[in-house]
Each structure stands twice: as structure tokens, then as C-alpha cells.
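Contents: one structure, followed by commentary.
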2 protein chains.
Amino acid sequence: MLGKRREREREKRRKTILKAAKSLFSKQGANPVTISDIAKKAELSKGAIYLYFSGKEEMRAQILLDDIEKFHREVLPIFKGGDSASEVLIGFAHMYVDFFLRDRALFRILINFMMHANSLNLSDDTNRRIILETNRAISVTENIFQFGIDKGEFLLRKEDVMAMRNSLWGMLNGIISLHLFIGRESTREKRIHSGINECLNIFIEGLKKSK
Amino acid sequence: MLGKRREREREKRRKTILKAAKSLFSKQGANPVTISDIAKKAELSKGAIYLYFSGKEEMRAQILLDDIEKFHREVLPIFKGGDSASEVLIGFAHMYVDFFLRDRALFRILINFMMHANSLNLSDDTNRRIILETNRAISVTENIFQFGIDKGEFLLRKEDVMAMRNSLWGMLNGIISLHLFIGRESTREKRIHSGINECLNIFIEGLKKSK
DNA sequence: TAAACAAAGGTCAAATTATGACCACCGGTC
DNA sequence: GACCGGTGGTCATAATTTGACCTTTGTTTA
């Protein structure tokens, strides 16, 4: 059992490392960021880093989970008062894709996590947070569908919401991975978003007609 | 050799302890402050205190040296533009006495130090600082005498400055110790200061006539 | 293709810092 | 003088940090 002060100082140091890592990640130019770089920036030894994080993956995961949490906290509420469910859905989809396109590491971690949860050795707490954030994002899409149903905009049986949600989820992730892993660097944002719109239009078209 | 950050943090911790000690010392009511009190206030263990200070005496000494330094830095310059050397001398004397009357511990440390240098086991650095501050205060009184001589206000041979300085020094310390050790608690500030004025008047009288 | 190599991730014994149970000593009480 | 409560101070132990060293990985070279 640690005293209050020590706990406080430990948390502070953790934040320092995360901050250092984030600043390096964000401007990682030609060469990728190394643990030693982070240690140097945080004014700590390399060994010390491993006292706070299980490895680089965990650091990335935590940084990016912070971002997702922020996303859910600040960005999503904007759509709460949206006009039509379709618009809300489209808005969310673009934001979601944009968000992950900005840092492929998070997406890799998430996908990796969903595929084979324990290939990266993240801490228990980080795993829990990933599950939580994933579920929260899932419930957002579910809510959008429900919103559409309640409004009479989407003709969708309640039992099919989950299937649709998975479908949307898969579609968005598919688009993201397409552009992250297969797509060229030169792939322009514009193209991505027009692609999303095409897909979503078909999707929504179906929703409005179904059953 | 310690790294920059560690040195910074060590200094910060030292300051924290000193701050805690100071706040306790300043409001030490009925019962005196213990090391454990300080440790508790500083959110550290008792043992840790001894990693930063050789003991309570050293803490007191350092706190009070900080005060003396502040005194020399901020209070003394006020008199620099004084009218007559006599006024400057009187102003300084009152301040000096007031300063030490506020905390008898500093005075005891100083006297102890001047009598038998190493009875308290202060660190080398603290000893050095005491010597420095003592010398500085001495030079201040010397400067006042010189100021008076230059102005033609004090009729004093240059060779006698040191003797006069020691004399003043002894007088002030005598007054302080009189009130700190012998004087009753009920001794009023007023009485002290009128006493100082009496002594100084005689002193200055002599200065103006001497040689 | 295999060997050599560089660079990064990761480990660990040693150094530094912090803890709190413990001891010695002092002043007061019976 | 024996006892006792409390305080200054010590020290074995624990927690944290370091940097040299080992391991892995991917690339160049013979």
C-alpha cells in the first residue's frame, strides 16, 4: 500500500512519460520514435519507462484511448441534436473514419485486439479500457439506429439493429483498413470521404426500404 | 553525479520540507515542533528528513538563513538613500534587533556558532552560509560608519572603524540576548526600542565627538 | 544464402531514495 | 533512584531509478 503522496507522484510521472511520448509520436517525421527517445524526452532512463508501461504498444494504446475518450466526450454530443438519423449517421461515420485515419497505430491496436486480444501484451487495465471504449462506440451506432427507428425514418425491426450495427461497423473498419493498409499514401481525403458517402448512401437506402 | 532532473527534484523536495517546517515553526503554539510533525506535514517519513537535513538545528538554520538573506536583499537597501548616517545607523539597529527578536532560535544558532563553531552539527554548506551572512552584516555596519565618516558626520579615524563596528555589534547582540534570555515575556517592544535608542544615542554622541 | 551488422526492444544488478519499526536519551514523576 | 512518555536519531528493508548489457529483428554485404 502506497501513501497518498507517492501515488500522486507516480501518476504525475506516468503523465509526464505519456506527454513526452505523445509529443514525439505526433511529429514523428522520417524515423519512428524509439523507447530511448521517449525516455530521453521524459528525462528518465529506459528502464524506468518499463516500470510504468509494459511497452511501446501500451503507451500508444493509452495515449490513443485518451483520445477516443475525448472523442466520445466532446465530439459525439454535437450530433445529439441532429436533424435526421441519416445525417447523424453520416456525420458520425466521417468522424469515426477521420479519427482513425489520423493515427494508424490506434486502429492497428484496436483491430489486433478484436482479432486476437492478447498478441500485444497490454496491461489488464488497458485491455479493460479498450473493451469499454469499443462497447461505447458500438452503443453509439446502436443508438443512432434506434433514433432512426423511433423517428420512423429507418424501417428496421428491433431485432435487426445488431446486425445492422455490425454491418456498419465492418463497413467503416473496412474502409479505414483499406486506406491505411492497402491504399497509397497519395490517397486523398476527398476520395476517402466520397467513398464513405457512396457506401453510406447505399446503406441508408437499404435501411429506409427494409422490411 | 546526478542527472539534471533528479537534482531539480531533490531541490524541490528539500524546499517542500523547509516550507513545512517553516509553517509549523511559525505557529508553534504550546508544544514545540517535532521532526515527526515536520515529516507528517511534508508527507514524508521521518527517515527521509535526515536524507535532506542533518537534524532540526540545520533546518532552523537554513530557514533562518533564508530570512537573513532576504533581510539583506530587501530590507537593507531601504536605508541606502538615508539622510544622515546617524539615522541610517539607528534604522539598521532597530531592524536588526527586531529581526532576531522574532525568532530566538536563529539568534541562539548564530551566537552558538560564533562562540564554539561546531557544537551543533550543521552541514558544511550551512556553516559556510552562516559565515557569509555574518560577514555581510558586519560589512553593512562598517559601510554605515564609512558613510558617516565620508559625510563628515562621524569624527572617526579609519583605523577605529573595526573597533566601533565590534562595539556596536556587541551592543546590539547584548540587547537582544538580554531580552531573549533574561527579559520577561511581558517585556514590551516599546521598552526594547527605547532602550536601543538610549544606547545608540550615547554611541552616536561618542562618535560625533571622538578624536 | 548465410554471415555480419546496426538499431531497437527489453532485462537486471546496482545505486539512489523512502519507509517505519526500533533504540537511546532526556526531563519529569513517584 | 527506578520508571515512563515522548523525542531525536538510526537502520534494515522496500520502492524507485539507472544504464550497461542481452535479445530480437531487419538489412546490408560477401
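Rule-based calculations on the coordinates, nothing more; no lab input. Every value quoted in this text rests on a predicted model; they were computed, and no experiment measured them. So basically every Cβ, Gly included, is an ideal-geometry build from the backbone, and we count neighbours across all protein chains shown.
Couple of notes before you dig in:
- In this structure, the residue pairs whose Cα-Cα separation is over 31 Å, taken from A:LYS27/A:LYS70; B:LYS70/B:LYS151; A:LYS70/B:LYS12; A:LYS12/B:LYS22; A:LYS4/B:LYS4, are A:LYS70/B:LYS12.
- For the stretch B:51-56, the Karplus equation 6.51 cos²θ - 1.76 cosθ + 1.60, evaluated at θ = phi - 60°, returns couplings of 7, 10, 9, 6, x, 5 Hz by residue, with Gly and Pro reported as x.
- Relative contact order (%) - the stretch B:1-52, alpha-carbon pairs under 8 angstrom, separation at least six: 31
- Scanning chain A for the beta carbon that comes closest to the axis linking it by rotation to B yields A:GLU9, 5, distance in whole angstrom.
- Residue mean of other protein chain beta carbons inside 10 Å, B:164-173: 0
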